[in-house]
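Taken together, the values in this text are just the output of simple stated rules run on the coordinates, not laboratory data. Just so it is clear, the model here is predicted, and its values are computed rather than measured. Glycine gets a Cβ as well: all are built from the backbone with ideal geometry, and neighbour counts include every protein chain shown.
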Amino acid sequence: MTTRNDGTSPAARLPTASELRLVIFDCDGVLFESWKANVAFYDAVLATLGLPPLDEEARRLCHTLSSPQLYAHLFRDDPQMQQRMAETARRTDYGPFYALMEPADELEPTLRRLRAHCPLALATNRGTTVRGVVERFGLAEFFPICMGILDVPRPKPAPDLLLGCLDRAGVPPSEAVYVGDTELDRAAAAAAAVSYVGVGDRSGAERRVSGMRELPSLLLGDGDGAAVDDARVRRG
């Protein structure tokens, strides 16, 4: 598997447009605003078990953690309850909750512009719903490489998802970018020695944009396609 570092080194240099050979995306918070969908799903699972809905902290965490990580948070001292929730979640159809997911502004034209330059990949802490999201929203043409937590030993912030994408694409870390929206994403990128671009103010990124539509300007240095001419790159 591709060599990694320990995540303590400075952020990797952003590849130039001529160097860029792979753009890897997180799903929730980047491609979609899915907070409502995730909260509603886990609340439904808890209701099936006769338990109260997520508290405020768990509502925040369910947007970033993998399902096993969330169950461990909710039931720290009760492995049996963690297992019960995992089993109940597997039996709960996520289908009704896709309607609560909102695609990012200019999602398709932005992906189309970037794909014209280099391949794209998806690396997310989602599990069984990875394929469902791709199929439901017609994204298969953009993401020939899709990796979720069922494909690797460890979820983010471990680098496994990103390293898996690099291996499948045959691209070294220095020629790839990961686009995420949380500190977990930043840590995973650092551990994989992949340059990181954050979406939004919670991304923990030195290089960040306000939304997907600004990515072509940042990564390709152009104002065509989905990017606006006056896109601003924010440095933390």
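Points to keep in mind about this one:
- Expected 222 nm ellipticity per residue - DSSP helices of 4 or more, -39500 (n - 2.57), all of the chain, to 500: -10000 deg cm²/dmol
- Cβ-placed point charges (K, R +1; D, E -1), dipole of the chain about Cα centre in debye, nearest 20: 360 debye
- Förster-model FRET efficiency, 35 Å R0, Arg59 and Ala11, C-beta, rounded to 0.05: 0.75
- Rounded, prolate or oblate (a/c below 1.5 giving rounded, otherwise prolate when a/b exceeds b/c) for segment 143-192 by Cα gyration tensor: oblate
- Cβ-based net charge around Glu183, under 11 Å, with every Lys or Arg adding one and every Asp or Glu removing one: +1
- Phi angles of segment 143-151 translate, via the Karplus equation with coefficients 6.51, -1.76, 1.60 and θ = phi - 60°, into HN-Hα couplings of 10, x, 10, 10, 10, x, 5, 6, 9 Hz per residue; Gly and Pro are given as x.
- Gyration tensor verdict on segment 78-155 (Cα atoms; rounded if a/c is under 1.5, prolate if a/b is larger than b/c, oblate otherwise): prolate
- Taking amide H atoms as placed 1.01 Å from N in the peptide plane, the amide H of Phe25 lies under 5 Å from those of Ala121, Leu122, Ala123, Val179, each 5 or more residues away in sequence or on another chain.
- Ranked by how many other beta carbons lie within 10 Å on average, peptides 88-94, 41-47 from highest: 41-47, 88-94
- Segment 35-99: C-alpha gyration tensor shape, a/c 1.5 cut-off, then a/b vs b/c: oblate
- Sites Arg76 and Glu102 - FRET efficiency at Förster radius 45 Å, r taken between beta-carbons, to 0.05: 0.90
- Legend: calculated FRET efficiency, Arg115 to Lys36, from the Cβ-Cβ distance at R0 = 41 Å, rounded to 0.05, equals 0.90.
- Multiplying the residue separation of Ser210 and Ala47 by 0.36 nm and subtracting their alpha-carbon distance yields 55.1 nm.
- The trypsin sites (Lys or Arg not before Pro) of segment 47-79 that meet both conditions, a loop assignment by DSSP and at most 15 other Cβ atoms within 10 Å of the site Cβ, are Arg76.
- Cα centroid separation - segment 25-92 against segment 139-216, whole Å: 22 Å
- Size of charge dipole - segment 114-183 - debye, nearest 20, with Cβ of Lys, Arg +1 and Asp, Glu -1, no other charges: 160 debye
- Each residue in Ile149, Ile24 was given a count of other beta-carbon atoms within 10 angstrom of its own, and listing them fewest first yields Ile149, Ile24.
- Note on the chain: along the principal axes its Cα atoms extend 54, 36, 31 Å, ordered by decreasing extent.
- Dipole check for segment 35-99: with +1 at the C-beta of Lys and Arg, -1 at the C-beta of Asp and Glu, and the Cα centre as origin, the magnitude is about 180 Debye.
- Modelled label positions at Glu19 and Arg91, each set 7 Å beyond Cα in the direction of Cβ, lie 5.2 nm from each other.
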